[in-house]
1. Being in the same structural domain as Tyr157 (by TED's automatic domain parsing), over 27 Å from Asp160 (Cα atoms) and touching a helix residue (DSSP H, G or I) at 6+ places or on another chain (Cβ under 7 Å) narrows it down to one of Ile115, Ile134, Ile78, so name that one.
2. Condition first: under 40 Å from the mean Cα position of the chain (by Cα) and on the phi > 0 side of the Ramachandran plot. Now tell me which residues in segment 270-287 satisfy that.
3. Condition first: within 13 Å of Val171 (Cβ to Cβ), surrounded by fewer than 18 Cβ atoms within 10 Å (Cβ to Cβ) and in contact with a Ser or Thr (Cβ under 7 Å, 6 or more places away or on another chain). Now tell me which residues in segment 132-145 satisfy that.
4. Would you pick out the residues in segment 225-250 that are assigned to a loop (DSSP other than H, G, I, E, B) and either aromatic (Phe, Trp, Tyr) or more than 28 Å from the chain's Cα centre (by Cα) (or both)?
5. Which one of Ser267, Ser215 is assigned to a loop (DSSP other than H, G, I, E, B), polar (S, T, N, Q) and over 30 Å from the mean Cα position of the chain (by Cα)?
6. Need a quick list: strands (runs of 3 or more DSSP E) entirely within segment 46-124 having at least 2 residues that are without any contact (Cβ under 8 Å) to a residue 40 or more places away in the chain and more than 19 Å from Arg152 (Cβ to Cβ).
7. Identify all residues within segment 92-124 that are of a type in the set (Ser, Thr, Tyr) and under 15 Å from Thr136 (Cβ atoms); write none if there are none.
8. Pick out the one residue from Gly255, Gly272, Gly260 that is of a type outside the set (Asp, Glu), in contact with a helix residue (DSSP H, G or I) (Cβ under 9 Å, 6 or more places away or on another chain) and exposed (fewer than 14 other Cβ atoms within 10 Å of the Cβ).
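The values are calculated or read from the model by the stated rules, or taken from the named source; none is laboratory data. Predicted model only: the values in this text are computed from it and were never measured. Cβ: placed from backbone, ideal geometry, glycine included. Neighbour counts: every protein chain shown.
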Amino acid sequence: MILRILFALCWFARFAPALEPACTPVEGDSILGKHLAAALPAFSALPPETLLGSMPPPGSNRNFHASELASLAQRYSIRLNSAEDVCFERPMESLDRGRVLDAMRESLKDPAAHIEITETGLNPVPRGHLEFPIETLGKPALAAQKDPALWRGEVVYGGDHRYKVWARVRVTVPCERTIAMEPLKPGQLIGSSQFRVEQGECFPSLDSAGRTPASPLGLVPTRIIAAGSEIRPEFLTRPNDVNRGDSVHVEVRSGAAHLGLVAKAESGGRSGDFISVRNPSSNKVFRARIQDKDQVVVQTEFAATGQ
């Protein structure tokens, strides 16, 4: 039995590939004489700062073949009895979740933030400073904000080089949320009895430093907001100064002459917008610019000059 085992080991050893020597790690962008001397002591006579080549991207290596080393030794009058190929690579490491968390907290600037990392990239990354800017934090796929969001980051290495990394996270920060007390309809002013402000956990955003929501009082929804739902800023807009069907005071200006009349708005808008207005006497429709609440202006010079 022992002879069979020995025979099997010899057989596998015969056909097994030889293990390649580990590459010498280099932190910078250049391979210098001192790096070659660290790999091959015979080159210790080489000036330490002699430039021998550039470092490849992370995950790759730079090989110096025996013939190249022999030529280099001859150039610098270095006695080299024999040489094997040597290689250099950037030092790599796994993406440490503790460092990822620290970088994320630094971006959020909120010690009360809750961050749960559910997944990270598995490939080794170069050694360097980790950054996860708040601007590169994606949004959860679901409105409930319970699905992990993709947060893209970078490892800053070798001075100003950047290596892309990523993580999927569940993250919330303390906040105040505005909740609808009853169904809110588009275009209808929101009153003080129709909402409440409560403490909660929110998904962070670029303006998360000021998480007190602006009051929706006096604004109008752009969509139906169900009772118990959060009233988000993107669901709101300012009310029109003029709505279709409103009676508006029209000021007609023609040089120094001014004329006033009351007309009916055929469309709505806010200050600065042009709307259609109907003269109740002649039943003609004309264009006017909204100046203020229920006030519009017609500048007859505009029509004369084609503006």
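1. The conditions single out Ile115.
2. Gly272, the sole residue that qualifies.
3. Correct list: Ile134 only.
4. Ala226, Ala227, Gly228, Arg238, Pro239, Asn240, Asp241, Asn243, Arg244, Gly245, Asp246
5. The unique qualifying residue is Ser267.
6. 51-54, 61-64
7. Selection gives Ser107, Thr120.
8. Criteria check complete, one pass: Gly255.
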